[in-house]
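Peer 1: My questions all concern the structure below.
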Amino acid sequence: VLAAPRLTKSFTDDPAQPGDTVNLEFTISHIDTAPADATGISFSDDLTSVITGMSATGLPLNDVCGVGSQISGTTNLSFTGGTLAPGASCTFSVPVTVPAAAVPGVFPNTTSNLVATVSGQTVTGSPGADNLIISGLSLSKEFIDDPALPGGQTTLRFTIDNTAGVDATGMFFTDNLGAVISGLAAASLP
């Protein structure tokens, strides 16, 4: 039984904001017990199936996984011509732009099956998959009992909303109250 090379992928810069550019990293590895080189390695990755309008920049990239290999395309990536010796692997990244109108959430991305030739036989490997996380954090504030009288107190309410579908940790923000009105200061903190 001949094994196909293994394909993995990862969005290395997520969670991302709408309009950001993230790196989509691909790794192809060939098992060390393979009887021969894997040649003609190929796969495709339809970025528009993740988010409409998502596109790669800076392509084509040449010789990323053996001489003659190439990844090309804008919205539908095509990797062709890869070659790996037994036990070898290659890793390459593609810059991908997230559309400015993207909504927060978790977006799965799966490539086609990887296809290669080993010992003269066509072998098919599993697709690579990862989720792109678009951040959905927003911060708003409002004075909820104004107008206020000079020397009086009002309540300032902050609302943090997370619509991304994943936990947000390590959040912080600052608010310079003195920039609103000179002398404005917090009377107490929760």
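The values are calculated or read from the model by the stated rules, or taken from the named source; none is laboratory data. Predicted model, so just to flag it, every value in this text is computed and none were measured. Cβ sites come from the backbone with ideal geometry, for glycine too, and all protein chains shown count toward neighbours. All accessible areas refer to the heavy atoms of the entire protein, side chains included, with ligands and DNA or RNA removed. Shrake-Rupley method; radii C 1.70, N 1.55, O 1.52, S 1.80 Å.
Peer 1: Which order do you get for F11, F143 if you rank them by accessible area with a 1.4 Å probe, largest at the top?
Peer 2: Per-residue accessible area, sorted high to low, gives F143, F11.
Peer 1: So how much accessible area does V103 have, in Å² to the nearest 10, using a 1.4 Å probe?
Peer 2: My reading of the accessible area for V103 is about 90 Å².
Peer 1: Roughly to the nearest percent, how much of the accessible area of the chain is carbon and sulfur, given a 1.4 Å probe?
Peer 2: 51 percent
Peer 1: Ignoring ligands, DNA and RNA, what accessible area per residue does segment 47-188 give at 1.4 Å, in Å²?
Peer 2: Value for segment 47-188: 57 Å² per residue.
Peer 1: Which far-off residues, 5 or more places away or on another chain, put their amide H under 5 Å from the one on N76, with H placed in the peptide plane?
Peer 2: L47
Peer 1: Once amide H atoms are built 1.01 Å from N in the peptide plane, which residues 5 or more positions from S55, or in another chain, come under 5 Å H to H?
Peer 2: T97
Peer 1: Let me ask another. Where does the charge balance sit around L189 when Lys and Arg score +1, Asp and Glu -1, over other residues with C-beta under 14 Å from its C-beta?
Peer 2: Computed value for this residue: 0.
Peer 1: Using the Karplus curve 6.51 cos²θ - 1.76 cosθ + 1.60 with θ = phi - 60°, work out ³J(HN,Hα) for each residue of segment 25-33 in order, rounded to whole Hz, and write x for Gly and Pro.
Peer 2: Listing the rounded values in order: 9, 10, 10, 10, 10, 10, 4, 6, 8 Hz.
Peer 1: For a quick check: with amide H placed at 1.01 Å from N, whose amide H comes under 5 Å from A102's, ignoring anything fewer than 5 positions away on the same chain?
Peer 2: Those qualifying (amide H under 5 Å, at least 5 residues apart or on another chain) are G19.
Peer 1: In addition: So how do T33, T57 rank on accessible area, 1.4 Å probe, biggest first, that is with the largest at the start?
Peer 2: T33, T57
Peer 1: Can you list the HN-Hα couplings for segment 97-104, worked out from phi with the Karplus curve (6.51, -1.76, 1.60; θ = phi - 60°), rounded to whole Hz and with x for Gly and Pro?
Peer 2: Along segment 97-104, the couplings run 9, 7, x, 4, 8, 4, 8, x Hz.
Peer 1: Please find, in a Gaussian network model of the chain (springs between Cα atoms separated by less than 10 Å), the residue of F26, F158, F172 whose mean-square fluctuation is greatest.
Peer 2: F172
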